[in-house]
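J.: Okay, here's the structure, questions in a sec.
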Amino acid sequence: MRSAVFYGKHDLRIEDHEMPKVGPKDVLIQVKACGVCGTDVHIYEGDKGAAEVTPPTILGHEFSGVITEVGSEVQHYQVGDRVCIDPNCYCGACDPCRKGVAHYCEHMIGYGTTVNGGFAEYCAVDERQVYKLGEHTTFEQGAMTEPVACCLHGMDMCEIQPGHQVVIIGGGMIGLLQLQLARLAGAAKIALLEPVESKREVAEKLGADVCIDPIHEDVKACLKEAGMTWINTVIECVGRPSTIEQAIDIAGNKAVVMMFGLTKPDETISVKPFEIFRKELELKASYINPYTQKRALDLIDSGRLDVSSMVYEICGLDRLADILGKPELRAKGKYIISPEK
Ligand SMILES: [Zn+2]
Ligand SMILES: [Zn+2]
């Protein structure tokens with residue numbers, strides 16, 4: 001089968017790979033759509049990100065497809081089922097798993113990170129990780145379930161209440177999802193900070209009350225003008241020290257600052273503890289997607305969450321190395337790989 005195999009920093013090869021072995025508890029998924037994620041970029045750049053990878057590995061953890069084979073002990077799925085997966089597989093037996101924080105599992109397996117994933121024609125997945133797509137959900141939308149699940153985990157920690165004022169920094173896919181989730185959580189006013197005009201336009205369509213170009217406009221003055229004088233939540237979706245510092249700066253009293261964007265492991269921010277003290281800020285971060293996959297699926301299937309407007313292009317495996325290596329391409333929006341193309 002055709003696959004994109006990661007061999008090391010900046011070394012991704014399209015190869016003919018042997019078909020995955022289907023264990024008794026596995027289903028074989030013919031991959032229809034697999035999202036290109038920031039985590040893939042971190043891996044491609046040789047950074048230690050959210051996941052540890054031992055090459056050679058087939059990357060790709062945001063995928064959906066059709067079941068073409070089931071192992072002898074599979075109970076809940078059949079050939080022909082349209083499914084997506086939660087790539088993070090927890091052992092269920094270690095201390096963190098038993099304490100209800102399974103995403104800190106000591107034996108975590110990650111499809112597309114620690115074991116082969118979805119940038120290939122087929123992937124074998126333990127049925128515990130499989131979810132059926134809703135009848136209204138396309139494969140491309142299904143591939144967005146994992147990033148939505150990650151966003152939901154972060155959104156839960158933001159504790160937004162109806163009537164709150166929320167600022168989202170960054171209008172990439174994650175920012176545009178968080179924007180909609182903040183709306184669904186009941187935010188009264190939402191501002192989005194994003195330098196790229198086309199992304200600000202999408203954000204406006206998706207319900208941002210005010211979109212600000214942080215390079216050419218005075219952010220605080222724009223917020224004030226929009227009546228946003230007490231920001232309850234700032235969700236940083238860029239992952240740069242400067243934008244995290246900005247998030248702390250514009251947060252209001254008692255605000256939650258959610259550092260959702262992933263920085264490089266060694267980057268630091270400069271913070272005045274006095275400012276955190278004075279405003280009683282809560283600095284939070286969100287790590288992967290524990291227990292949120294089903295809600296993500298249901299939200300997508302309900303049509304209340306638009307996961308299509310932020311997709312820039314659906315393309316074949318041969319484009320993947322280019323997309324991973326070129327930030328100017330990724331700046332255009334979300335890419336989804338269709339291995340059949
Ligand atoms: Zn991802
Ligand atoms: Zn565990």
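The values are calculated or read from the model by the stated rules, or taken from the named source; none is laboratory data. Not measured: the values here are computed from a predicted model. Cβ atoms come from the backbone with ideal geometry, glycine included; neighbour counts cover every protein chain shown.
J.: Do you know which residues across the stretch 287-341 are among the small types (Gly, Ala, Ser) and at pLDDT 95 or above?
T.: ALA296, SER302, GLY303, SER308, GLY316, ALA321, GLY325, SER338
J.: Restricting attention to the stretch 76-95, which residues are among the aliphatic types (A, V, I, L, M), without any contact (Cβ under 8 Å) to a residue 40 or more places away in the chain and either touching a Gly at 6+ places or on another chain (Cβ under 9 Å) or away from ligand 2 (no atom under 16 Å from the Cβ) (or both)?
T.: The first filter runs over the stretch 76-95 and keeps only residues among the aliphatic types (A, V, I, L, M), leaving 79, 83, 85, 93.
Still in the list and also without any contact (Cβ under 8 Å) to a residue 40 or more places away in the chain: 79, 93.
Across the stretch 76-95, the qualifying residue is only VAL79.
J.: Filter the strands (runs of 3 or more DSSP E) completely within the stretch 96-170 down to those with at least 1 residues that are over 30 Å from ASP213 (Cβ atoms), away from ligand 2 (no atom under 16 Å from the Cβ) and more than 18 Å from the chain's Cα centre (by Cα).
T.: Correct list: 122-126, 130-132.
J.: From the residues in the stretch 25-81 that are touching a Cys at 6+ places or on another chain (Cβ under 7 Å) and assigned to a strand (DSSP E or B), which one is nearest to ligand 1 (Cβ to nearest atom)?
T.: GLU62
J.: Checking PRO195 against (1) assigned to a loop (DSSP other than H, G, I, E, B); (2) buried (at least 19 other Cβ atoms within 10 Å of the Cβ): exactly one of these is not met. Which one?
T.: (2)
J.: Next question, about the same structure. Got a sec? Which of ALA120, ALA149 is closer than 30 Å to LYS32 by Cα, touching a Gly at 6+ places or on another chain (Cβ under 8 Å) and not polar (S, T, N, Q)?
T.: Values: ALA149 fails: touching a Gly at 6+ places or on another chain (Cβ under 8 Å).
Unique residue meeting the criteria: ALA120.
J.: Exactly one condition in (1) buried (at least 18 other Cβ atoms within 10 Å of the Cβ); (2) under 18 Å from GLY325 (Cβ atoms); (3) small (Gly, Ala, Ser) is false for GLY65; which is it?
T.: (2)
J.: Could you please let me know if GLY100 is in contact (Cβ under 8 Å) with a residue 12 or more places away in the chain, farther than 30 Å from ILE314 by Cα and either of a type in the set (Ser, Thr, Tyr) or surrounded by fewer than 17 Cβ atoms within 10 Å (Cβ to Cβ) (or both)?
T.: no
J.: Any residue in the stretch 82-91 that is farther than 22 Å from ARG295 by Cα and either touching a helix residue (DSSP H, G or I) at 6+ places or on another chain (Cβ under 9 Å) or away from ligand 1 (no atom under 15 Å from the Cβ) (or both)?
T.: The answer is no, given that none of the residues of the stretch 82-91 is farther than 22 Å from ARG295 by Cα and either touching a helix residue (DSSP H, G or I) at 6+ places or on another chain (Cβ under 9 Å) or away from ligand 1 (no atom under 15 Å from the Cβ) (or both).
J.: On to the next question. Checking GLU73 against (1) more than 16 Å from ligand 2 (Cβ to nearest atom); (2) acidic (Asp, Glu); (3) in contact (Cβ under 8 Å) with a residue 60 or more places away in the chain, which test does it fail?
T.: Every listed condition holds for GLU73 apart from (3).
J.: For the stretch 263-290, what are the residues that are among the polar types (S, T, N, Q) and in contact (Cβ under 8 Å) with a residue 40 or more places away in the chain?
T.: SER286, ASN289 - these are the residues of the stretch 263-290 that are among the polar types (S, T, N, Q) and in contact (Cβ under 8 Å) with a residue 40 or more places away in the chain.
J.: Follow-up. With respect to ALA143, is the statement that it is aliphatic (A, V, I, L, M), more than 21 Å from VAL22 (Cβ to Cβ) and free of Cβ contacts under 8 Å to residues at least 40 places away in the same chain true?
T.: Working: aliphatic (A, V, I, L, M): yes; more than 21 Å from VAL22 (Cβ to Cβ): yes; free of Cβ contacts under 8 Å to residues at least 40 places away in the same chain: no.
So ALA143 does not fit the description; no.
J.: Follow-up question, since we're still on this one. For the stretch 213-241, give me each residue that is of a type in the set (Ser, Thr, Tyr) and either over 21 Å from the mean Cα position of the chain (by Cα) or over 15 Å from ILE168 (Cα atoms) (or both).
T.: THR229
J.: Wholly within the stretch 260-326, which helices (runs of 4 or more DSSP H) include no fewer than the required count, namely at least 2 residues that are polar (S, T, N, Q)?
T.: Answer list for the stretch 260-326: 293-302.
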